[in-house]
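Remarks on the structure that follows.
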């Protein structure tokens, strides 16, 4: 008997390899043949190295050109028709919408994952109305749609974009708690290091971090604000590498570029800083950091507040509020090592009980087998 095929589709290969590795490994153990479909961002070779098939997709994840999107829908149709997968798992907005429509035409069952709604649902404009309409049309057809937080699920139900019977909740993408665990710092340079992990974009609160750094530079000369993440020059509100170099000259900012294993950078920091006001799913970087027992400062914002309980494993600031951010930074700086360690211990416990990727994988296995 031939193995059943499962195809995973997302905007880029990094999203599939980095966030769904454990799921693919488990599906492989169960005898499924793994196929992936995504834009290439340099991560595709990692997928191939595992023996999984990778198909490159020409996708403009932020483009709003209807002609290009129709071409994208046809691309999904061609790949799905050729590969004939038994099931399709889709992540991120365009695969969820256009991939679902293509799969419907071919009668292939689909499970979607709403990994966050981004800027579109924060606005009330023509683009927002079009995207909601597209969701309403395409989300009639999946067998299951997983939501990563209750806020996003509520929006879909309140706007009648989906039938509640096919909805499910998962704790973000989960994390491998054996891989992401507390590790001892190796560098002891007496600096207190705040670390931001994520896309280097204004919506993620990166500009606020620089403003806070400038205000605190002379009061706390021994602190450092590290930024780890990719600059996507095609994104609106991205912060260029040239601007980052200027920041390094005028404040306690240090841009680290990107990392092949973020555990190294998380291990060496003292506190995670993530003042995002973007509509997150549940930020994977925060789950990983909490799993490694790091205290976290983030915003009282969709997705972010799912991983941080204020004063339990970190602090929540008001979105877009510089004074609120500075207040929480100073609060952390005045805490004892014992108090900071307790925040970290609490975060690790929260991840173990709520965000273990085994919970997510089990939900997918159940959905596929049902």
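A few remarks follow.
- Selection status of residue 16, part of a strand (DSSP E or B), in contact with a helix residue (DSSP H, G or I) (Cβ under 8 Å, 6 or more places away or on another chain) and outside the structural domain of residue 286 (by TED's automatic domain parsing): no
- If only residues of segment 312-370 that are in a loop (DSSP other than H, G, I, E, B) and in contact with a strand residue (DSSP E or B) (Cβ under 9 Å, 6 or more places away or on another chain) are counted, the one that is surrounded by the fewest Cβ atoms within 10 Å (Cβ to Cβ) is 370.
- The lone exception for residue 155 - which of (1) within 20 Å of residue 298 (Cβ to Cβ); (2) touching a helix residue (DSSP H, G or I) at 6+ places or on another chain (Cβ under 8 Å) it fails: (1)
- Within segment 1-13, tally of residues that are part of a loop (DSSP other than H, G, I, E, B) and without any contact (Cβ under 8 Å) to a residue 60 or more places away in the chain: 3
- Scan of segment 103-128 for residues that are in a helix (DSSP H, G or I) and either surrounded by 20 or more Cβ atoms within 10 Å (Cβ to Cβ) or within 24 Å of the chain's Cα centre (by Cα) (or both), ordered by number: 103, 120, 121, 122, 127, 128
- Against the list (1) assigned by TED's automatic domain parsing to the domain that holds residue 252; (2) more than 23 Å from the chain's Cα centre (by Cα); (3) under 19 Å from residue 266 (Cα atoms); (4) in a loop (DSSP other than H, G, I, E, B), the condition residue 186 fails is (1).
- Segment 278-311 - residue that is part of a loop (DSSP other than H, G, I, E, B) and in contact with a strand residue (DSSP E or B) (Cβ under 6 Å, 6 or more places away or on another chain) and, of those, surrounded by the most Cβ atoms within 10 Å (Cβ to Cβ): 308
- Failed item, numbered, when residue 165 is tested on (1) over 22 Å from residue 21 (Cα atoms); (2) assigned to a loop (DSSP other than H, G, I, E, B); (3) outside the structural domain of residue 284 (by TED's automatic domain parsing): (2)
- For residue 100, the criteria (1) surrounded by fewer than 13 Cβ atoms within 10 Å (Cβ to Cβ); (2) within 22 Å of residue 363 (Cα to Cα) hold in every case but one, which is (1).
- Residue in segment 187-196 that is touching a strand residue (DSSP E or B) at 6+ places or on another chain (Cβ under 8 Å) and within 30 Å of residue 109 (Cα to Cα) present: no
- Unique match (being farther than 17 Å from residue 85 by Cα and touching a strand residue (DSSP E or B) at 6+ places or on another chain (Cβ under 7 Å)) among 39, 22: 39
- Filter result for the condition that a residue is at pLDDT 95 or above, under 15 Å from the mean Cα position of the chain (by Cα) and more than 15 Å from residue 171 (Cα to Cα), over 298, 317, 334: 298
- Condition check for residue 30: in the same structural domain as residue 100 (by TED's automatic domain parsing), over 28 Å from residue 285 (Cβ atoms) and surrounded by fewer than 16 Cβ atoms within 10 Å (Cβ to Cβ): yes
- Per-region count, segment 105-119, residues touching a helix residue (DSSP H, G or I) at 6+ places or on another chain (Cβ under 8 Å) and over 15 Å from residue 8 (Cα atoms): 6
- Flag if residue 273 is in a strand (DSSP E or B) and either closer than 22 Å to residue 355 by Cβ or over 16 Å from the mean Cα position of the chain (by Cα) (or both): yes
- Filter result for residue 155 (touching a residue at least 24 places away in the same chain (Cβ under 8 Å) and either in a strand (DSSP E or B) or surrounded by 15 or more Cβ atoms within 10 Å (Cβ to Cβ) (or both)): yes
- Checking 66, 55 one by one, the residue that is closer than 30 Å to residue 130 by Cα, in contact with a strand residue (DSSP E or B) (Cβ under 9 Å, 6 or more places away or on another chain) and either surrounded by 12 or more Cβ atoms within 10 Å (Cβ to Cβ) or in the same structural domain as residue 19 (by TED's automatic domain parsing) (or both) is 55 and no other.
- Close Cβ contacts (under 6 Å, 6 or more residues apart or on different chains) running from residues in segment 70-86 that are surrounded by fewer than 15 Cβ atoms within 10 Å (Cβ to Cβ) to residues that are part of a helix (DSSP H, G or I) comprise 81/106.
The values are calculated or read from the model by the stated rules, or taken from the named source; none is laboratory data. Note that this is a predicted model, so its numbers are computed, not measured. A quick note on method: Cβ atoms are made from the backbone with ideal geometry, for glycine too, and the neighbour counts reach across all protein chains shown.
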